[in-house]
Amino acid sequence: MRVTANIDAGNIEVIDIANKDDIRLAIRRDAGDEFLQWFNFRFEGVVGNQYTLKIVNAGKSSYPKGWQEYHAVASYDRQHWFRLPTRYEQGELIIDLALDADAIQIAYFAPYSYERHLDLLSAVQVHPEVTLEHLGLTLDGRDMTLVKVGDGAEHKKNIWITARQHPGETMAEWLVEGLLYRLLDSDDPVSKQLLDKANFYIVPNMNPDGSVRGHLRTNAVGTNLNREWQTPSLEKSPEVYYVVNKMKATGVDLFYDVHGDEGLPYVFLAGCEGVPSWDARMQQLQDEFERALLLVSPDFQTEFGYGKDEAGKANLTIASNWVAETFKCLSNTLEMPFKDNQNLADPMEGWSPARCIHFGEASLTAMLAVVDKLR
Ligand SMILES: [Zn+2]
């Protein structure tokens with residue numbers, strides 16, 4: 001038996017691997033020591049054997065409720081990800097495994113690797129409507145890359161999409177992949193009309209350092225980027241600093257900040273009802289966008305989600321609130337589950353890369369439904 005987390009986005013520590021029925025593992029904390037939840041490792045054993053893996057510090061994680069009704073994600077070929085029998089008992093996440101091949105990768109959610117991120121940037125840049133812009137460097141020296149789609153014409157609306165401020169929320173970049181490829185399909189009438197009406201500014205990965213390091217929520221120096229938007233700094237949060245400056249240069253008419261939620265088994269929006277300048281126009285845009293999403297994807301729902309902030313009480317350090325208040329525009333955090341979508345359950349795969357991709361594609365239709373009213 002062998003366990004290794006020395007891989008892209010790897011995170012696990014081996015405590016005891018002597019007994020195949022009691023393999024004891026622990027999640028390493030993100031830089032900053034505040035968060036732990038993301039795990040990702042490879043396990044090798046003997047084909048046909050049964051193993052029981054226990055993540056013994058699951059009860060000390062950032063979102064212990066995330067382990068209820070949760071099933072770990074695994075893959076033999078690193079293409080198809082499926083769910084393993086998993087239970088949460090007395091603070092331990094217990095995964096039962098019957099090995100069908102020599103090695104299996106097990107993770108909190110299907111990883112979206114840094115190499116795949118580079119593949120995505122390289123694939124889209126050959127499209128005539130796409131320009132890649134280097135915004136600056138992260139603290140580990142990785143590129144912050146903005147994908148610009150469209151000619152930047154001033155009469156067009158400016159749609160901004162960001163993903164993976166919280167790097168362990170890999171579902172966000174799977175969504176962006178689906179959205180981008182649909183947007184660049186010149187046979188797709190929704191995309192063609194959207195590009196006649198809007199410029200797109202897309203940051204597929206807001207936190208490449210945290211992604212490679214195997215963090216759930218922070219960057220290389222332990223900063224939670226989604227609390228930095230009022231006062232980003234080159235020392236703590238250059239990722240946000242560069243994006244904020246670019247947004248001020250382009251303007252924003254629609255913002256879609258894509259995330260994953262550990263606890264809730266649903267796809268939902270968190271709007272900006274609590275920002276000081278919230279008004280009837282912003283409420284109407286919000287209502288229309290929600291109605292459009294309900295129509296384009298039965299994976300979306302509005303019954304379950306976060307409580308709405310009281311009027312004027314929104315936390316303006318959060319990206320979607322800061323953007324709504326600064327640009328008086330339609331601005332949302334989109335949340336997808338780590339678990340399954342309880343409205344359309346899939347016991348084999350749960351919420352999956354393919355479903356994220358579909359939701360990214362569908363999101364464009366909802367954006368087309370509101371684009372004429374954005375400004
Ligand atoms: Zn998040």
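The values are calculated or read from the model by the stated rules, or taken from the named source; none is laboratory data. Because the structure is a prediction, the values reported are computed rather than measured. Glycine also receives a Cβ, built like all others from the backbone with ideal geometry; neighbour counts cover every protein chain displayed.
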Check: Quick one: in region 256-280, which of the residues that are of a type in the set (Phe, Trp, Tyr) and in a strand (DSSP E or B) is surrounded by the most Cβ atoms within 10 Å (Cβ to Cβ)?
Finding: TYR256
Item checked: Scope region 331-361; condition of a type in the set (A, V, I, L, M) and under 16 Å from the mean Cα position of the chain (by Cα); matching residues -> LEU334, MET336, ALA354, ILE357
Next item on the list: Go through region 212-255 and give me each residue that's within 24 Å of TRP351 (Cβ to Cβ) and in a loop (DSSP other than H, G, I, E, B).
Entry: GLY214, HIS215, LEU216, ARG217
Margin query: Looking only at region 119-132, count every residue that is within 21 Å of the chain's Cα centre (by Cα) and either crowded, with 20+ Cβ neighbours inside 10 Å or free of Cβ contacts under 8 Å to residues at least 60 places away in the same chain (or both) and tell me the total.
Written below: 6
Checklist line | Criterion (farther than 22 Å from THR333 by Cα and either in the same structural domain as GLU34 (by TED's automatic domain parsing) or not hydroxyl-bearing (Ser, Thr, Tyr) (or both)) met by exactly one of LEU180, LEU216, LEU195 | finding: LEU195
Note to self: Condition first: within 15 Å of the ligand (Cβ to nearest atom) and either in a loop (DSSP other than H, G, I, E, B) or surrounded by fewer than 24 Cβ atoms within 10 Å (Cβ to Cβ) (or both). Now tell me which residues in region 317-331 satisfy that.
What the structure shows: THR317, ILE318
Next item on the list: Of all residues in region 199-228, count the ones that are more than 17 Å from the chain's Cα centre (by Cα) and crowded, with 24+ Cβ neighbours inside 10 Å.
Entry: 1
Note to self: Condition first: of a type in the set (Asp, Glu), within 16 Å of the ligand (Cβ to nearest atom) and part of a loop (DSSP other than H, G, I, E, B). Now tell me which residues in region 153-186 satisfy that.
What the structure shows: GLU169
Note to self: Testing GLY251 on (1) more than 13 Å from THR162 (Cβ to Cβ); (2) within 13 Å of the ligand (Cβ to nearest atom), one condition comes back false. Which one is that?
What the structure shows: (2)
Item checked: Cβ-Cβ under 8 Å pairs, at least 6 apart or on other chains, region 247-259 side over 13 Å from PHE327 (Cα atoms), far side modelled with pLDDT of 95 or more and among the basic types (Lys, Arg) -> VAL258/ARG164
Next item on the list: Confirm whether SER191 is of a type in the set (Gly, Ala, Ser) and within 16 Å of the ligand (Cβ to nearest atom).
Entry: no
Notebook entry, point to check: Does region 274-318 hold any residues that are of a type in the set (A, V, I, L, M) and in contact (Cβ under 8 Å) with a residue 40 or more places away in the chain, and which are they?
Noted result: VAL275, MET282, LEU285, ALA292, LEU293, LEU295, VAL296, ALA314, LEU316, ILE318
Checklist line | Those residues of region 290-309 which are modelled with pLDDT of 95 or more and closer than 14 Å to GLY271 by Cα, in sequence order | finding: GLU290, ARG291, LEU293, GLN301, THR302, GLU303, PHE304, GLY305, TYR306
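Quick grid of which residues meet (1) in contact (Cβ under 8 Å) with a residue 60 or more places away in the chain; (2) under 21 Å from ALA101 (Cα atoms); (3) polar (S, T, N, Q):
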position: ARG29; (1), (2), (3): no, no, no
position: ASP33; (1), (2), (3): yes, no, no
position: LEU36; (1), (2), (3): yes, no, no
position: ASN49; (1), (2), (3): no, yes, yes
position: LYS54; (1), (2), (3): no, yes, no
position: PRO64; (1), (2), (3): no, no, no
position: GLU69; (1), (2), (3): yes, no, no
